Structures are given as structure tokens and as C-alpha cells.
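For reference, the structure discussed in these notes is given below.
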């Protein structure tokens, strides 16, 4: 679904930057000088019309990474759209960010003008055990009949 949103934005003439949270933070964290970091932040904060950050919440963040993610959201706030995906409800973001105040401020900026889509259900990557165990038997029976 996220890729379809990004694709439709491109089709409508907008520039889109798609990244995972870990890629974003590895990139930003690799810059030691304030000047280099500021230049790279501009890449994420002003150049792309739509910034898509996937997989927030799959890893926990140290204070520096939490600050970097906050900087990106803060600089884009009320200027350019941002789409985030997460496997955690906002109430659990304090478990992945070391500073609850940073998590709350980030959530505040992200949801201020947001449309939140919550998807519930089984993962398509992990079908129920019954489906996984039936398929091999059916394949084996088909092979034996030949």
C-alpha cells in the first residue's frame, strides 16, 4: 500500500524519496560535522516532495538517532508531507525512544495534520500454520500419483 501511495504521488508529478528508518538514520548518523549533517538533512527535508519512511519501530533508537528522526519530522512539519509506517501504536513509541519527551514531540508533529490508517490482520509473510502444513502434503500426494 505504501509503495502505491508513493507511485501515485510520482504519477501526479511529485518527487518522492522512499527509505527505511534504519537507512535514514545510518545515512544521517554517518556525518560527523554539523555542516555535513545539515546538508544531508536538507536532502531529506526539502528536496523530496514526499518523504516515505518505512519500518519505524522495528528497532529501538539511541538518543542520537531519536534526535535525528525528530529533526527530520520537525523540519518537514507543516512544509512537506511525510508518510511513516510502524508496527507499534503511538502509545508504545516510548519503548523504542530513550526519551519519552522526544517521542511525544515527534508523535505530536506527525499526527497534527495526519490521516492515520491502521491495518490489522495476519501478516501475508507468515501464513497460519494450518496453511503451511497442508500445502506440502498436497504437493507430495500429487508427486506420488505420477
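The table that follows gives values for the structure above.
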{"item": "Count of region 3-40 residues which are under 13 Å from residue 71 (Cβ atoms), in contact with a helix residue (DSSP H, G or I) (Cβ under 6 Å, 6 or more places away or on another chain) and touching a residue at least 24 places away in the same chain (Cβ under 8 Å)", "result": "2"}
{"item": "Close pairs (8 angstrom Cβ cut-off, 6 or more residues apart or separate chains): at positive phi in region 103-119, surrounded by fewer than 13 Cβ atoms within 10 Å (Cβ to Cβ) anywhere", "result": "none"}
{"item": "Subset of region 46-60 [in a loop (DSSP other than H, G, I, E, B) and free of Cβ contacts under 8 Å to residues at least 40 places away in the same chain]", "result": "48, 57, 58, 59, 60"}
{"item": "Subset tally (residues that are surrounded by 20 or more Cβ atoms within 10 Å (Cβ to Cβ) and modelled with pLDDT under 95) for region 46-55", "result": "1"}
{"item": "Filter result for residue 66 (over 23 Å from residue 3 (Cβ atoms), within 16 Å of the chain's Cα centre (by Cα), part of a helix (DSSP H, G or I) and at pLDDT 90 or above)", "result": "yes"}
{"item": "Residue count, region 49-85 (criterion: in contact with a strand residue (DSSP E or B) (Cβ under 8 Å, 6 or more places away or on another chain) and within 23 Å of residue 32 (Cα to Cα))", "result": "5"}
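Residue-by-condition table, conditions (1) surrounded by 10 or more Cβ atoms within 10 Å (Cβ to Cβ); (2) at pLDDT 75 or above; (3) within 28 Å of the chain's Cα centre (by Cα); (4) not in a loop (DSSP other than H, G, I, E, B):
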site	(1), (2), (3), (4)
106	yes, yes, yes, yes
115	no, yes, yes, no
121	no, yes, yes, no
124	no, no, yes, no
133	no, no, no, yes
136	no, no, no, yes
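The values are calculated or read from the model by the stated rules, or taken from the named source; none is laboratory data. Just so it is clear, the structure is predicted and the values come from calculations on it, not from any experiment. Positions of Cβ are backbone-derived with ideal geometry, glycine not excepted, and every protein chain shown enters the neighbour counts.
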